[in-house]
Amino acid sequence: ANSRLLTLLGMGGLGKSRLSMQAAAIVLDDYPDGVWFVELAALADPQLVPQATASVLGVREEPGSPVVEALVRFVRDRKLLVVLDNCEHVVQACAELAKRLLQAGPQVRVLASSRDALRIAGEAIFQVAPLAAPGQAEQSVEALLANDAVRLFVDRAAAVQPAFRLTAKAASAVAEICRRLDGIPLALELAAARTRSMPIEAIAV
């Protein structure tokens, strides 16, 4: 609420995109002209960032005029949120676009997710951290199920292997997996998917 440009910053696999989508969903009613999610991960050419944004917003490029100018005109009198997801490989282009949009429309806000900051005036940074992994002292099933990293692993393992349960026998192996993967959500999900074909003790090795 206190910033018109917020960047969710962190390494890959932390869940920045999911966090962006969840945050956008929560504030959806605050933006009568919409919340727009621009996925940039597959974009190879930084020059296409404005075009990708225009495509999502349904803005048509006018002959003889750069598409960014059409975007500027579109947002000028609107109250909307633009989510720029996975900016790191086109970060300069994202920074330039965000600056133009924010200058054009006083009620425009931008939420970005990136491994690198956009580094423009007014940017607020939220550092996305990994989930806390269990400590060595946390060995009981009850203690481990109170840990975020363990809960994510158990939930995802049960999704691919419905019979999976965190038992006293499996507790130490699950805790070791979560510690070795440093609580990184994507890594935990990938490891949990292997429970379909491997015993939990083998995954922990």
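The values are calculated or read from the model by the stated rules, or taken from the named source; none is laboratory data. Small disclaimer: the values here were computed from a predicted structure and weren't measured. Positions of Cβ are backbone-derived with ideal geometry, glycine not excepted, and every protein chain shown enters the neighbour counts. Note: areas computed on protein heavy atoms with side chains; ligands, DNA, RNA excluded. Shrake-Rupley method; radii C 1.70, N 1.55, O 1.52, S 1.80 Å.
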- Note on the structure: Env charge @ Lys16, Cβ radius under 13 Å, K,R +1 / D,E -1, value -2
- Once the mean 1/r over all distinct Cα pairs of segment 136-190 is inverted, what Kirkwood radius in angstroms do you read off? 11.0 Å
- Task: May I ask you to order 44-53, 19-28 by the average number of other C-beta atoms within 10 Å around their residues, highest value first?
- Result: 44-53, 19-28
- Per the 1/(1 + (r/R0)^6) rule, R0 = 30 Å and r from the Cβ atoms of Val141 and Ala41, FRET efficiency to 0.05 is 0.20
- Message: Given points 7 Å out from each Cα along the Cα-Cβ axis, report the Leu190 to Arg18 separation in nanometres with one decimal.
- Response: 1.5 nm
- Note on the structure: Of every hundred units of 1.4 Å-probe accessible area on the chain, the number belonging to carbon and sulfur atoms, as a percent, is 54 percent
- Message: Once you place label points 7 Å from the Cα toward the Cβ at Asp155 and Glu62, how far apart are they in nm?
- Response: 4.7 nm
- Message: Below 11 angstrom from the Cβ of Val141, what's the summed charge of the other residues (Lys, Arg +1; Asp, Glu -1)?
- Response: 0
- Task: Principal axes first, then extents: for the Cα atoms of the chain, list largest minus smallest coordinate on each axis, whole Å, largest first.
- Result: 67, 32, 28
- Within segment 135-175, backbone nitrogen closer than 17 Å to the virtual label 7 Å beyond the Cα of Glu201 toward Cβ: 165-175
- Please state the relative contact order of segment 1-90 as a whole percent: Cα pairs under 8 Å, 6+ residues apart? 37 percent
- Message: Whole percent per 10 Å bin, from 0 to the bin with the longest distance: what is P(r) over all C-alpha pairs of segment 1-56?
- Response: 18, 47, 33, 2
- Whenever you get a sec, line up Arg4, Arg179, Arg119 from highest to lowest accessible area (probe 1.4 Å, protein heavy atoms). Arg119, Arg4, Arg179
- Task: Please work out, to two decimal places, the log10 of the ratio I(q)/I(0) at q = 0.15, 0.17, 0.26 Å⁻¹ from a Debye calculation in which every Cα of segment 78-162 carries one identical scatterer.
- Result: -0.70, -0.75, -1.24
- Which of the cysteines in the chain are isolated, no other cysteine C-beta under 4.7 Å? Cys178
- Query: In what sequence, highest mean first, do 189-196, 94-101 appear when ranked by Cβ atoms within 10 angstrom?
  - Reply: 94-101, 189-196
